[in-house]
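Q: Dropping the structure in here first, questions after.
The values are calculated or read from the model by the stated rules, or taken from the named source; none is laboratory data. None of the values given here were measured: they were computed from a predicted structure. No Cβ is skipped: glycine too gets one built from the backbone with ideal geometry, and neighbour counts run over all protein chains shown.
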Amino acid sequence: MDLHVYNTLILSDLHLGAETSHAREATRVLKQNHFQRLILLGDIFADLNFARLTKEHWKFLGYIRKLSNPKRNVEIVWVEGNHDHGLTDIMSHLVGVRVFQNYAWEYRGLRHVAIHGHQFDGFQVNRVRLSQLGTSLYLLLQKLDFKSKPVARLIDRLNTRWLRMSSKVAGGALAYARHRGADRIFCGHTHQAVHVEKDGVHYYNSGGWVDSKLTYLTIDEEGVRIHEYHEHEYDEHEYSEHGDRERTDREHGAESAFGEHDGRERADDSDSGEERSEADSSAADFADDAGLLEDVEYEGVGR
């Protein structure tokens with residue numbers, strides 16, 4: 001949260017429309033970090049029901065719309081997740097961003113690939129309708145749950161562990177990365193921030209924004225870092241720099257924070273997947289490899 005400019009910031013699984021979505025916190029992260037590229041790595045929405053979107057959810061979308069202004073010199077990429085399906089045509093026009101099934105780019109001599117990760121989750125691939133029904137019931141439970149949503153959060157964690165989703169997605173993603181000749185691959189979907197390295201290929205998961213641990217990724221010349229959001233750090237930054245939040249927005253608007261980045265040129269070259277196309281069929285081919293890793297190594301966040 002300084003003047004450092006990241007090459008890329010990756011955020012996923014915000015699930016706008018869900019009671020447990022931390023949209024306000026996600027918006028603060030985007031406002032108080034500087035980056036040349038933002039990748040929304042899927043499941044930005046919970047489902048197709050716009051009536052569930054709150055004021056804070058719309059504020060997040062509004063800020064994405066502002067960032068997409070070419071004058072801000074920020075590249076915005078939305079990689080479609082399983083919960084976003086059916087919304088891409090609408091939202092790409094509404095917030096002014098490009099939507100991809102997968103996205104690839106070169107940075108500092110390394111090939112990077114971003115894909116949501118549900119393609120490597122056998123339950124999602126083989127039981128789409130059942131999964132959609134489960135989502136509807138889960139969103140209903142959130143409305144009936146207590147204020148802090150302890151039951152909904154517990155079910156989300158138990159579901160992830162029961163399906164061994166994290167290791168399945170990691171294994172499938174690493175196989176897919178090798179097929180694409182990628183050095184690093186980035187996914188969401190599991191809501192668990194993870195770093196795994198196998199045979200020289202690095203897999204990173206950006207975590208999610210519906211639980212108590214809120215995480216995102218950054219990429220710069222020093223490498224990839226997993227960050228954990230802490231409320232007090234952002235409060236201290238806002239008040240020490242600008243006195244109050246209103247002054248932050250009024251006097252130090254996004255034009256200065258996300259302007260020309262001091263004339264820096266991007267040291268990368270994007271090679272995106274087909275825009276708003278059918279999902280890359282080769283991704284599903286590697287779903288069978290999802291059991292490659294029996295024990296996923298979790299890297300500490302916020303380091």
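Q: Looking at (1) over 26 Å from Y204 (Cα atoms); (2) of a type in the set (F, W, Y); (3) out of contact with any strand residue (DSSP E or B) (no Cβ under 9 Å at 6 or more places or on another chain), find the lone condition where Y63 falls short.
A: Among (1) over 26 Å from Y204 (Cα atoms); (2) of a type in the set (F, W, Y); (3) out of contact with any strand residue (DSSP E or B) (no Cβ under 9 Å at 6 or more places or on another chain), the lone unmet condition for Y63 is (1).
Q: Within the range 93-101, can one find any residue that is more than 19 Å from Y6 (Cα to Cα), in contact with a strand residue (DSSP E or B) (Cβ under 8 Å, 6 or more places away or on another chain) and assigned to a helix (DSSP H, G or I)?
A: no
Q: Another question, if that's okay. From the list R37, R24, R65, which residue is of a type outside the set (V, I, T) and either outside any helix (DSSP H, G or I) or buried (at least 20 other Cβ atoms within 10 Å of the Cβ) (or both)? Working first, answer last.
A: Working: R24 fails: either outside any helix (DSSP H, G or I) or buried (at least 20 other Cβ atoms within 10 Å of the Cβ) (or both); R65 fails: either outside any helix (DSSP H, G or I) or buried (at least 20 other Cβ atoms within 10 Å of the Cβ) (or both).
Only one candidate qualifies: R37.
Q: Restricting to strands (runs of 3 or more DSSP E) lying wholly in the range 190-237: which have 1 or more residues that are at pLDDT 95 or above and in contact with a Cys (Cβ under 8 Å, 6 or more places away or on another chain)?
A: Strands (runs of 3 or more DSSP E) meeting the threshold: 201-206.
Q: Give the range 53-79 a look and list any residue that's under 24 Å from E231 (Cβ atoms) and in contact with a Gly (Cβ under 6 Å, 6 or more places away or on another chain), or say none.
A: Matches in the range 53-79: L53 only.
Q: Going residue by residue through the range 72-90, is there one that turns out to be touching a His at 6+ places or on another chain (Cβ under 6 Å) and at pLDDT below 80?
A: no
Q: Another question, if that's okay. For K59, state whether it is surrounded by fewer than 19 Cβ atoms within 10 Å (Cβ to Cβ), of a type in the set (K, R), out of contact with any Phe, Trp or Tyr (no Cβ under 9 Å at 6 or more places or on another chain) and without any contact (Cβ under 8 Å) to a residue 24 or more places away in the chain. Full working, then the answer.
A: Details: surrounded by fewer than 19 Cβ atoms within 10 Å (Cβ to Cβ): yes; of a type in the set (K, R): yes; out of contact with any Phe, Trp or Tyr (no Cβ under 9 Å at 6 or more places or on another chain): yes; without any contact (Cβ under 8 Å) to a residue 24 or more places away in the chain: no.
Answer is no for this residue.
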